[in-house]
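Q: Below is the structure I would like to discuss, written out as structure tokens.
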Amino acid sequence: MLNRRLVLDYNDYRLKKQELYAKERTRLGVFRAITYMAETLSIPT
């Protein structure tokens, strides 16, 4: 019973971690896109 609970908790933890990672990646992607656009349009940042 305890083992099963541990596995469930671990799965939940992994899902949360993946969500955080995805959010971080999209934020980085947006930032990179903005920087790239700024460089292409030669706007001083």
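Q: Evaluate the following for R14: is it surrounded by 10 or more Cβ atoms within 10 Å (Cβ to Cβ) and without any contact (Cβ under 8 Å) to a residue 24 or more places away in the chain?
A: yes
Q: Further question: From (1) hydrophobic (A, V, I, L, M, F, W, C); (2) part of a helix (DSSP H, G or I); (3) modelled with pLDDT under 90, pick out the condition that doesn't hold for I43.
A: Of everything listed in (1) hydrophobic (A, V, I, L, M, F, W, C); (2) part of a helix (DSSP H, G or I); (3) modelled with pLDDT under 90, I43 misses just condition (2).
The values are calculated or read from the model by the stated rules, or taken from the named source; none is laboratory data. Remember, it's a predicted structure, so these values are computed and weren't measured experimentally. Cβ: placed from backbone, ideal geometry, glycine included. Neighbour counts: every protein chain shown.
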